[in-house]
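> One structure, as structure tokens, below. Some questions next.
The values are calculated or read from the model by the stated rules, or taken from the named source; none is laboratory data. Please read these numbers as outputs of a predicted model, since none were measured by experiment. Reconstructed Cβ throughout: ideal geometry from the backbone, glycine too, with neighbour counts over all protein chains shown.
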């Protein structure tokens, strides 16, 4: 469709309106925009990108994944897939990583990104304090960003894609409650170095407790522990819990490190019900061998892929993207795991 001909203006005038540059009268601008809306016009992004040879730079800042067994290798796969598809539009990605156990590494990498001043950023706001400081600077510089795997209500991302942490914690509690008798001992385990800086784990815990507030007739005893991701420390803490509580009937591990817990409980005569997160190889193996009962999958590859495309749509296509995007909460057992693409 020839917008210029229909509006009775030059091609240059239409181009100035489409790309929001140069002076165009309000009347002419409104006329052109009405034609665009009425005919659902979308510019040929590929053609204009090839013609202008413009390079759009994205940056990503996510936790470092030591190997393919690590959870954060999955969002990275999704990001890589999206970038490979978008390269033809002049999209280039510079990748930065931080150590989840050392928030200072987040700050160091964030400063590098600020020096780069990219067109848009993919960000995992895992370290809340450091992330908030970084996003405040991004807001000041008007650099758009999309959150992956977590959200912060204090920040202003153009969009975020996450699993609803409160609902997933609630679901974990419900699954546990189906498999235990009244007045059971339940253990919540946060395997992290700094729980107060891991907002999504706290939200999962909230959902877990929210559920048990609705089943007052069962009177379960719930014990919460926080332990760093060190196998020796985990075993020491769990042994202390066994001595104190005598028995543990169910365990909820609030992240993908459930494999560090399952091996310990497998040595006991009465293994508790165990629920954790994510389809990483170690967890899958334990699930298939009945040492983990349920895994809650949060589709991490999809999160990386969708987040990258959301950033592209907003910055390159100039389309307003949906701010709240939630992935499904999949309940994985050894009976259905073969049907999931993450395996």
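> For the stretch 296-328, give me each residue that is over 22 Å from residue 93 (Cβ atoms) and surrounded by 18 or more Cβ atoms within 10 Å (Cβ to Cβ).
Of everything in the stretch 296-328, those that are over 22 Å from residue 93 (Cβ atoms) and surrounded by 18 or more Cβ atoms within 10 Å (Cβ to Cβ) turn out to be 296, 297, 298.
> Any idea which of 82, 127, 155 is within 16 Å of the chain's Cα centre (by Cα), in the same structural domain as residue 310 (by TED's automatic domain parsing) and more than 30 Å from residue 54 (Cα to Cα)?
Unique residue meeting the criteria: 127.
Residue-by-condition table, conditions (1) touching a helix residue (DSSP H, G or I) at 6+ places or on another chain (Cβ under 9 Å); (2) not assigned by TED's automatic domain parsing to the domain that holds residue 123:
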{"site": "135", "(1), (2)": "no, no"}
{"site": "159", "(1), (2)": "yes, no"}
{"site": "172", "(1), (2)": "yes, yes"}
{"site": "186", "(1), (2)": "yes, yes"}
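> While we're here: Can you pull out the residues in the stretch 237-252 that are part of a loop (DSSP other than H, G, I, E, B) and modelled with pLDDT of 85 or more?
Residues satisfying the conditions are 248, 249.
> For the stretch 175-184, give me the residue count where each residue is surrounded by 20 or more Cβ atoms within 10 Å (Cβ to Cβ) and more than 27 Å from the chain's Cα centre (by Cα).
Matching residues across the stretch 175-184 total 1.
> Then there's this: Of (1) closer than 25 Å to residue 164 by Cβ; (2) loosely packed, with under 13 Cβ neighbours inside 10 Å, residue 269 satisfies all except one. Which?
Among (1) closer than 25 Å to residue 164 by Cβ; (2) loosely packed, with under 13 Cβ neighbours inside 10 Å, the lone unmet condition for residue 269 is (1).
> How about the stretch 287-301: which of its residues are outside any loop (DSSP other than H, G, I, E, B) and touching a strand residue (DSSP E or B) at 6+ places or on another chain (Cβ under 8 Å)?
Once the filter is applied, which keeps residues that are outside any loop (DSSP other than H, G, I, E, B) and touching a strand residue (DSSP E or B) at 6+ places or on another chain (Cβ under 8 Å), the stretch 287-301 yields 287, 294, 295, 296, 297.
> When you check residue 258 against the structure, is it touching a strand residue (DSSP E or B) at 6+ places or on another chain (Cβ under 7 Å) and part of a strand (DSSP E or B), yes or no?
Here the answer is no, as residue 258 does not meet what is asked.
> Go over the candidates 284, 275 one by one and state the one that is in contact (Cβ under 8 Å) with a residue 40 or more places away in the chain, touching a strand residue (DSSP E or B) at 6+ places or on another chain (Cβ under 9 Å), outside the structural domain of residue 155 (by TED's automatic domain parsing) and not in a helix (DSSP H, G or I).
275
> Just one of 338, 319 is outside the structural domain of residue 203 (by TED's automatic domain parsing), in a loop (DSSP other than H, G, I, E, B) and free of Cβ contacts under 8 Å to residues at least 40 places away in the same chain; which is it?
Result of the check over 338, 319: 319.
> Would you point out which residue out of 255, 199, 283 is at pLDDT below 85, crowded, with 16+ Cβ neighbours inside 10 Å and touching a helix residue (DSSP H, G or I) at 6+ places or on another chain (Cβ under 7 Å)?
Exactly one residue qualifies, and that residue is 199.
> Which residue, of 50, 46, 61, 33, is over 24 Å from residue 307 (Cα atoms) and either modelled with pLDDT of 85 or more or assigned to a helix (DSSP H, G or I) (or both)?
Going through 50, 46, 61, 33 in turn, just one is over 24 Å from residue 307 (Cα atoms) and either modelled with pLDDT of 85 or more or assigned to a helix (DSSP H, G or I) (or both): 33.
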